[in-house]
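A short write-up of the structure that comes next.
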Amino acid sequence: MKASYLIPALAVLGVGITVALIVFDDQGHAPAVTAPANFPAIPYAAYVAGPGVVESQAENIAIGSPVSGIVTAIAVTWGQRVDAGAPLFQLDKRDLEAQLMPAAARMQEARAAAEQAAGQLKVAEQVPDPRAVSTEEMKNRRAHVAMASAAVASAQAEVDRLRKELELRTVRAPVAGKVLQINIHPGESVPGAGNTPLMLLGDDRRLWVRANIDQNDAWRVQAGARATAFFRGNARLSIPLRFERIEPTIIPRAVVTGDSTERVDSRVLQVVYSFDPARMPIYVGQWMDVYIEAPATSTSNSAGAGQ
């Protein structure tokens, strides 16, 4: 009888010891508690919100090339400020230079022939006795002058064409701004038309932020409304915004922030604000959460900025 009770008792004791060890281990390796995320202190009683991407003033300008060719030199560096018309990069122009020299020589030759034809016509016209030069001869000399003048114009046009093409081999800044991206290197082939910008240029003296507001909240957006942008990753950092404009078209959401709650099948109203970048370390292309003051409604405010 004692043996029959001994086995169950040992089993119960083993289970108890196992449970005690598990509890002790859990207490000694308790998981770290993650502090709740900091939510921004929104300064408005009622608002609409949306993600906003930072752009340079007058938007970012994607620099392309009017002609295809091989890059021989890059005249700027990342972050450099350039004036309008300043050279950005150079394409190989040796082929055009080789054509320009003989074209210029042909132009000089045509000019010399035109001067000679004009001189012969002048001599014939100044003959004291008009009967000394036949009417047919005068017609021929005038025709030679016209043909020589046309040859000069043609040669000049060819020289001008080559010089203009040479000028196109130097790609220049269309506006004053800051070099934001350089996507080419010496020796690379540049297409005459491509989807990827060869360089990105923008005026960052004052930056813009383009907020995407869900179309369901578009009716609440008012021109001139106050707005504040908050830094992603640090909601304690914010910057007041100045209203610039409302894009007067509802468009499909073309930007994806990467948030798991973001809807990509919606349409948005784009509202553009600006701010002074000297106040905060902000970069073109950076995402921010934009809150725009709006009239209060009977329902809650719009969905979070990341949606």
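The values are calculated or read from the model by the stated rules, or taken from the named source; none is laboratory data. All values derive from a computational prediction rather than experimental measurement. In this analysis, Cβ positions are derived from the backbone assuming ideal geometry, glycine residues included, and neighbour counts consider all displayed protein chains.
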| request: Kindly indicate the residue of region 95-119 that is of a type outside the set (Gly, Ala, Ser) and farther than 28 Å from residue 142 by Cβ and also surrounded by the most Cβ atoms within 10 Å (Cβ to Cβ) among those meeting that condition. | output: 96
| query | For region 198-307, which fully contained strands (runs of 3 or more DSSP E) count at least 3 residues that are farther than 30 Å from residue 64 by Cα and modelled with pLDDT of 90 or more? | reply | 227-231, 234-252, 287-293
| message | Checking residue 233 against (1) out of contact with any Phe, Trp or Tyr (no Cβ under 7 Å at 6 or more places or on another chain); (2) in contact (Cβ under 8 Å) with a residue 24 or more places away in the chain: exactly one of these is not met. Which one? | response | (2)
| Looking only at region 82-120, which residues are of a type in the set (A, V, I, L, M), assigned to a helix (DSSP H, G or I) and in contact (Cβ under 8 Å) with a residue 40 or more places away in the chain? | 96, 100, 103, 104, 107, 110
| remark: Here the residues within region 61-81 that are under 21 Å from residue 203 (Cβ atoms), in a loop (DSSP other than H, G, I, E, B) and of a type outside the set (Phe, Trp, Tyr) are 64, 75, 76, 77, 79, 80
| field | Only listed residue being modelled with pLDDT under 95 and farther than 30 Å from residue 81 by Cβ, chosen from 193, 132 | value | 132
